[in-house]
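Readers should treat all values here as calculations from the given coordinates under stated rules, not as data from a laboratory. Since the model is a prediction, treat every value here as computed from it, not as a measurement. So basically every Cβ, Gly included, is an ideal-geometry build from the backbone, and we count neighbours across all protein chains shown.
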Amino acid sequence: MDLFLTIVKLLSNLAIPLLIFVIVAIAAIRKVKVYEEFVDGAKEGFQVAIRIIPYLVAMLVAIGMFRASGAMDFLTSALSPITNAIGFPSELFPLAVVRNLSGSGSLGLMTDIVKTHGPDSFIGRLASTMMGSHETTFYVLAVYFGSVGVKRVRHAAIAGILADIVSVIASVILVRMLFR
């Protein structure tokens, strides 16, 4: 188990620098002007940001209304016997739900969780792992699909929700394996 933990820590420390190096190396081999492409991408990103602002505002208002209504607290209380029975801390249920909707909203929840339970607690580590593996599915559907005019998301919503459920399950399993 110690060897496994050492390998995981080494890979996590090297992942981003190695990825950047590989991208730059492939670009150099293909004779791509990396800086110019980066600037062009930044310009496109700015234009996308301008197009998605109305959808972003609508999503943030909806999330604010959901949390302010007390619906999240009610859901958490109602589902706590089930979540606790399967080994999923009920304190993390709001994070699992809000993460589907908003990255910044879920970051706020995670900050509260880490302040309450500590970053090295089981709940703190699980919250951090969920943040890294869970997608903002409905945010992506509303903002990005909406900004390009996609009206029917078809299977994207179901696939996104299933991926989010799998990421929560995998997070619980891996955090239990690595830190208990």
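Fewest-first ordering of 36, 91 by other beta carbons within 10 Å of each residue's beta carbon gives 36, 91. By other beta-carbon atoms within 10 Å, ranking 147, 171 with the fewest at the front produces 147, 171.
Could you state, as a whole-number percent, how many of the C-alpha pairs of the range 52-179 are farther apart than 18 Å? Don't jump to the answer; show the numbers that get you there.
On the way: 4559 of 8128 pairs.
In whole percent, the long-distance tail amounts to 56.
Taking the Cβ of each residue in 144, 35, 139 as the centre, tally the other Cβ atoms inside 10 Å and list the residues starting with the fewest. It would help to have the intermediate numbers written out before the result.
Working: 144 14, 35 8, 139 23.
Lowest to highest Cβ neighbour count: 35, 144, 139.
Model label points for residue 61 and residue 128, set 7 angstrom from Cα along the Cα-to-Cβ axis, are 3.7 nm apart. Each principal axis of the Cα cloud of the range 1-126 was taken in turn, and the coordinate range along them, longest first, works out to 58, 49, 23 Å. Each peptide in 116-129, 92-105 gets a packing score, the mean of other Cβ atoms within 10 Å over its residues, and the list from highest to lowest is 92-105, 116-129.
Grab the DSSP H runs of the chain that are 4 residues or longer, score each as -39,500 (n - 2.57), total them, divide by all residues and round the 222 nm result to the nearest 500 deg cm²/dmol. Don't skip to the answer; put the middle values down first.
Numbers: 7 runs with 138 residues, N = 180.
Value at 222 nm, helices only: -26500 deg cm²/dmol.
If you model the range 1-65 as an ellipsoid using its alpha carbon gyration tensor, with each semi-axis the square root of five times an eigenvalue, the axes come out at 34, 27, 5 Å, biggest first.
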